[in-house]
Amino acid sequence: MSDTLSPEPKGAAAGDADEPAKPLRIGLAGLGTVGCGLIDLINRNGDLIARRAGRRFAVSAVSARNRHQRRDVDVSPYPWRDNPLDIADPADVDVVVELIGGADGPALAIARAALSRGLPLVTANKALIAHHGAELATLAESTGTSLHFEAGVAGGIPIVKTLKEGLAANRIDGFKGILNGTANFILTLMEETGSTFEAALAKAQEEGYAEADPSFDIDGVDAAHKTAILTSLAFGVAPDMGQLPVEGIRAVSHVDIRYARELGYRIKLLGLARMTEAGLDQRVQACLIPTDATLAKVGGVSNAIQIHGNFAGPTLVEGLGAGAGPTASAVAADLIDVARGQGGSTFSQPAKDFANVAMLAAEARRGAFYVRLRVTDRTGVMAQVATAMRDGEVSMERMIQGTPEADGSVHMIITTHETSEAQMQTVIDRFKALDTVLEEPCVLRIEHS
């Protein structure tokens, strides 16, 4: 019989084995929707959490911009800190939860303070991780603590753990996903009701799915933050927003939704990354995908991510990507890891081992395209368009001419065979030079696989 002693479980309190573990003392910065949702979750599921984490959660300090604001939960029992930096005090807390938001300002200051003092940091702040993730991961590793951000990508969907743990033994060939519920709600509503983009956006705002200023959602910025983080996890590179091309959905018209359906596609805002022989291709774009594709069937405010591992094959995770409940659930899952003493490298591997991977040049990207032109309804226009494509060496797959409008214009819809982005841009420039093309062409990628 071996006399080797079993190690004490990480996260358990020191002392006699019969002593109950000390509570995990949480410093909470930010008492908005998610912060209040976290307090509600801890209050309602406290016993369950204690059984699974091995110790109870105790909120021991809170801070927010306005102490007297009305909130969905009573925060009066918790010690208040006027200065959010005071949250990061190892004498009072064992872990800091940052739910303020924003890439810089107080959120970044709190993150740096917590990690520099050796305190684990849990955050739902995708902008913070996308812009400063490499710096913060390096800081966490230098002080022997941990940085957690499951709630920063796709709300309650455990995509970070899927990549860091479930698929850790796989080479990731690529991923693509619907990462913004607001954009997906708008595009779904446009298809289901025939609404214009403007009307669908107004409905999203009315339902509380879009902010008064919806730019981050409809211009693809929110999805880009998440894509940068997933790219880092999947391919071992530092998150780098400067290397990530981003397009939103402002240019998508109800006309495009209608013709996409006629062609056998749906339009979705996708964040995607794949490794190619010429470099890493990562981008955020509104794309046409076949109506029978898995992601095409994800509607409303749901998020979904498809990942391909070289041994696991395709994996799909889907669920609610935002809201108090799903996001608080993801924050609590990270806190349970902290309570158990489970840290590990922030991005699947130490920050010092980030790969220096060449990025695929935009002009070298290849794929098929959808183009909508509004042209003058007169003889010879179709020949002009065909000539521009021939001279630009882009092969046309299909052309649809719509019903003439009262103003004498008509929509012309074109899909292409696979070509390079550089060649496609040459053709678009030729289209724009035609006096019969009346407005900026709408150009969308077609993602077949």
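Each value in this text was obtained by applying a stated rule to the coordinates, not by laboratory testing. From a predicted model like this one, the values you see are computed outputs, not experimental measurements. Cβ atoms come from the backbone with ideal geometry, glycine included; neighbour counts cover every protein chain shown.
Things worth noting here:
- Calculated P(r) of the stretch 363-446 - Cα pairs past 16 Å, %: 46 percent
- Distance between the stretch 113-179 and the stretch 25-54 - C-alpha centres, whole angstrom: 20 Å
- DSSP bridge pairs, the chain: antiparallel proportion in percent, nearest 5: 70 percent
- Placing R0 at 41 angstrom, the Cβ-Cβ distance between Glu207 and Ala362 gives a FRET efficiency of 0.70 after rounding to 0.05.
- Distances between every pair of Cα atoms in the stretch 195-265, grouped in 10 Å steps from 0 to the bin holding the largest one, split as 18, 35, 31, 16, 0 percent.
- One chain, two ends: Ser215 and Thr143. Fully extended at 0.36 nm per residue, the span grows by 22.2 nm beyond their Cα-Cα distance.
- Loop-located GluC sites (Glu not before Pro) across the stretch 351-423 with a Cβ neighbour count of 13 or fewer within 10 Å are Glu393, Glu405, Glu418, with loop assigned by DSSP.
- Environment charge of Ile39, counting only residues whose C-beta is closer than 12 Å and scoring Lys/Arg +1, Asp/Glu -1: -1
- Projected area, mean over directions - the chain, Cα convex hull, nm²: 25.5 nm²
- For the chain, the longest principal axis of the C-alpha atoms and the axis of helix 181-193 are separated by about 40°.
- In the chain, a dipole from Cβ-located charges (positive for Lys and Arg, negative for Asp and Glu) runs towards its positive end, and of Ile414, Gly156, Ile42 it is Ile42 whose Cα lies farthest in that direction.
- Counting lysine pairs in the chain that sit 8 or more residues apart in sequence, or on different chains, and whose Cα atoms lie under 25 Å apart gives 27.
- Only helical runs count toward this figure. For the chain, summing -39,500 (n - 2.57) over DSSP H runs of n ≥ 4 and dividing by all residues gives -10000 deg cm²/dmol at 222 nm.
- Once the gyration tensor of the Cα atoms in the stretch 173-319 is diagonalised, the equivalent ellipsoid follows with semi-axes of 26, 17, 13 Å, ordered largest first.
- Net charge dipole size for the chain [Lys, Arg +1 and Asp, Glu -1 on Cβ; Debye, nearest 20]: 420 debye
- Under conditions of 20 °C and 1.002 mPa s, the stretch 24-152 yields 146 µm² s⁻¹ as its translational diffusion coefficient, taking Rh as the Kirkwood radius over Cα pairs in the Stokes-Einstein equation.
- Nearest-ten-degree value, helix 324-340 long axis tilted from longest Cα axis of the chain: 40 degrees
- Note on the stretch 173-319: with charges restricted to the Cβ of Lys and Arg (+1) and Asp and Glu (-1), its dipole about the Cα centre is near 340 debye.
- Net charge dipole size for the stretch 155-196 [Lys, Arg +1 and Asp, Glu -1 on Cβ; Debye, nearest 20]: 280 debye
- Nearest-ten-degree value, helix 126-142 long axis tilted from longest Cα axis of the chain: 40 degrees
- Approximating the spin labels as points 7 Å out from Cα along Cα→Cβ, the Leu316-to-Arg117 distance works out to 4.6 nm.
- Distant alpha-carbon pairs in the stretch 267-393 (separation over 22 angstrom), percent: 63 percent
- In this structure, Ala103 and Gln425 have a Cβ-Cβ separation that, at R0 = 30 Å, corresponds to a calculated FRET efficiency of about 0.45.
- Cα centroid separation - the stretch 198-229 against the stretch 356-422, whole Å: 28 Å
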